[in-house]
Structure formats: structure tokens, C-alpha cells
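The values are calculated or read from the model by the stated rules, or taken from the named source; none is laboratory data. Since we're looking at a predicted model, the values are computed, not measured. For neighbour counting, all protein chains shown are included, and Cβ atoms are generated from backbone atoms with ideal geometry for every residue, glycine included. With ligands, DNA and RNA removed, areas are computed over all heavy atoms of the protein, side chains included. Shrake-Rupley method; radii C 1.70, N 1.55, O 1.52, S 1.80 Å.
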Amino acid sequence: MTIRNILTYPEKSLMQPSAKVESIDDEIRTLITDMGETMFDAPGVGLAAPQVGVNKRVIVYNIHAGNPDDDGSTNEFKALINPEILEASGSIISEKEACLSVVDYSADVKRYETVVVKALNIDGNTIEFKADGILSVIMQHEIDHLDGILFINRISVLKRSLYKKKLAKELNSN
Ligand code: NI
């Protein structure tokens with residue numbers, strides 16, 4: 001198990017679409033193990049492979065995300081391979097949404113309230129499930145990563161340009 005380096009905006013590969021996984025081999029299994037460890041170390045509730053520099057359609061998420069009884073110590077996660085959103089309905093504001101690849105920034109993002117996700121699990125079996133609330137937001141956020149989309153692409157142009165200015169200032173002052 002290895003904690004991998006998390007790429008941050010404006011790294012170009014984060015903005016590129018990721019390729020479908022053709023076979024779940026040792027490389028993919030190792031990637032998933034490392035992604036789980038990297039996510040809990042960060043800490044975050046979800047992580048997509050392009051964030052660790054692998055442009056393949058793999059995401060991991062904390063299965064206890066949003067559960068008020070979870071103290072974060074169980075480190076239980078699931079991986080989804082080639083995840084797709086089959087259905088989406090309703091609308092919620094994801095308050096102060098953040099991303100491990102977008103440093104020191106959060107914003108309210110409009111998201112679907114409920115999504116139906118289809119994916120392969122680590123054993124290569126097709127699974128389909130409905131996600132609401134926080135889990136629904138995680139699914140939309142992480143699957144967006146696989147299409148090269150960050151949450152700052154889903155906020156207003158004005159807010160995004162303010163973030164870019166702030167980031168440019170920080171980068172220049174280093
Ligand atoms: Ni993210």
C-alpha cells in the first residue's frame with residue numbers, strides 16, 4: 001500500500017477525460033488499494049484515479065460518508081470501475097463542496113438530489129444502486145473527475161474567476 005501524490009488544479013491531466021478500464025488486473029487492484037489509503041490519509045470522502053495521475057475510470061469513496069455516527073476510524077471504502085449515472089432527479093445545493101485537487105477553496109454547487117449509478121465492482125460484477133444526499137453528491141463529483149470536470153467548472157464564471165485570481169496570487173507568492 002502506498003499513499004500516492006494528489007495532483008492539484010491547474011494540472012492539465014485533471015481536465016482530461018479518463019479511459020474505460022478494459023480488464024481488472026493487478027495494476028487496477030493496486031491502484032484501488034492505494035487510492036483508498038490516499039483518500040483516508042488526505043482525508044477525503046472520495047477520490048478519482050485522475051487525481052493520482054492515472055486517467056482511468058476508477059473512483060473510491062468512504063462508505064460511511066455522511067453518517068453522523070462515523071468517526072472516520074473504520075477506513076472502509078468501496079471502489080467503482082467505469083461508473084455511469086443512469087438516472088438523475090431532483091436538485092440540492094451541495095454546501096461548501098470541496099475537492100482534494102482544488103486547494104483551499106469550497107463553494108456551494110447545485111447537484112442532483114438522487115442518482116442511479118451503474119458500475120463494476122472490484123470483482124468485475126456489474127452493480128447498480130440509488131444514491132441520495134451526500135452519497136449522490138460524491139458520485140456526481142467523482143464521476144465528473146473521470147470526464148475532466150472539477151466542481152469549480154460547475155459554479156458561476158464570476159466565482160471561478162475569483163478563485164483563479166486567488167490561486168494565481170498564492171502561486172506567485174511562493
Ligand atoms: Ni474532487
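In this structure the chain gives 54 Å² per residue of accessible area when probed at 1.4 Å with all protein chains present. Could you give the size of the charge dipole of the range 33-98 about its Cα centre, using +1 on the Cβ of each K and R and -1 on the Cβ of each D and E, expressed in debye and rounded to the nearest 20? Here the range 33-98 has a charge dipole of around 320 debye.
For Ile127, the solvent-accessible surface with a 1.4 Å probe is about 50 Å², rounded to the nearest 10. Answer with one residue from Pro50, Pro68, Gln16: the one whose Cα lies farthest towards the positive end of the charge dipole of the range 1-135, charges on Cβ with Lys, Arg +1 and Asp, Glu -1. Result: Gln16.
From the protein chains alone at 1.4 Å, what is the descending order of accessible area for Ile92, Ile81, largest first?
Working: Ile92 45, Ile81 0 Å².
Largest accessible area first, the residues go Ile92, Ile81.
A protection proxy built from the mean count of other Cβ atoms within 10 Å ranks the segments 129-136, 113-120, 160-167, most packed first, as 113-120, 129-136, 160-167. For the range 12-173, the dipole from Cβ point charges (+1 on Lys and Arg, -1 on Asp and Glu) about the Cα centre works out to 1040 debye, to the nearest 20. Here the chain exposes an accessible surface that is 49 percent carbon and sulfur, computed with a 1.4 Å probe and the other protein chains kept in place.
Checking every one of the GluC sites (Glu not before Pro) in the range 1-101 against DSSP loop status and a limit of 14 other Cβ atoms within 10 Å picks out Glu11, Glu22, Glu76. For Lys165, a cut-off of 25 angstrom between C-alpha atoms picks up these lysines, skipping any fewer than 8 places away in its own chain: Lys12, Lys96, Lys110.
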